[in-house]
């Protein structure tokens, strides 16, 4: 048990990222499912919802995950954050287009897979590029 506690303390930033991301992505996935079940095309839903999730993610990860206390949006930090999320968005579209459109996998599973794949990419990018110390 003590090894687990030491591991958590060592990786507490990553744990915060997982918890914040889980909350944001759970809500986002439920919205995605609701809108696609209402008849919207998955690519349209991702294109509409993604910018909103980027903004809320920036505020949440800046304060909760990486514990930055700036009160205003810092231009360079926010610009790097947007750049990283544009790459994540393009990854999301690529996954939907290849796995759903081309190969016919259910879009719900493709989107769920993309959440985890892109989350890993985003964490590394935010730690090393966006919120670097």
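If you take the beta carbon distance between residue 33 and residue 68 as r and set R0 to 25 Å, what does 1/(1 + (r/R0)^6) give as a FRET efficiency, to the nearest 0.05? If you can, show how the numbers build up before the last one.
Values: r = 32 Å, r/R0 = 1.28.
Computed FRET efficiency for residue 33 and residue 68 comes out at 0.20.
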For the residues 40, 126, what sequence is obtained by ranking on other C-beta atoms within 10 Å, fewest first?
-> 40, 126
Helix 42-60 versus the longest principal axis of the chain: what is the Cα-based angle in degrees, 0 to 90, to the nearest 10?
-> 10 degrees
Where a ≥ b ≥ c are the square roots of the eigenvalues of the C-alpha gyration tensor, would you call region 15-78 rounded, which needs a/c under 1.5, or, failing that, prolate if a/b is larger than b/c, or oblate?
-> oblate
Please order 11, 103, 32, 123 by the number of other Cβ within 10 Å, starting at the fewest.
-> 103, 11, 123, 32
How far, in degrees from 0 to 90, does helix 75-95 lean away from the longest principal axis of the Cα atoms of the chain, to the nearest 10?
-> 40 degrees
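Explain nothing, just the number: relative contact order of the chain, from Cα pairs under 8 Å at least 6 residues apart, as a whole percent.
It comes to 26 percent, rounded to a whole number.
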Quick one: grab the alpha carbon gyration tensor of region 13-130, order the square roots of its eigenvalues as a ≥ b ≥ c, and give me rounded if a/c is under 1.5, else prolate or oblate depending on whether a/b is larger than b/c.
-> prolate
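So what is the 222 nm mean residue ellipticity for the chain from helices alone, if each DSSP H run of at least 4 adds -39500 (n - 2.57) and you divide by all residues, rounding to the nearest 500 deg cm²/dmol?
Details: 5 runs with 94 residues, N = 133.
Result for the chain, helices only: -24000 deg cm²/dmol.
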Rounded tilt (10° steps) of 107-125 against the dominant C-alpha axis of the chain | 30 degrees
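Read-outs throughout are calculated quantities, based only on the coordinates presented, and are distinct from any laboratory measurement. Quantities reported herein were computed from a predicted structural model and do not represent experimental measurements. Using ideal geometry, Cβ is built from the backbone for each residue, glycine included, and neighbour counts are taken over all protein chains shown.
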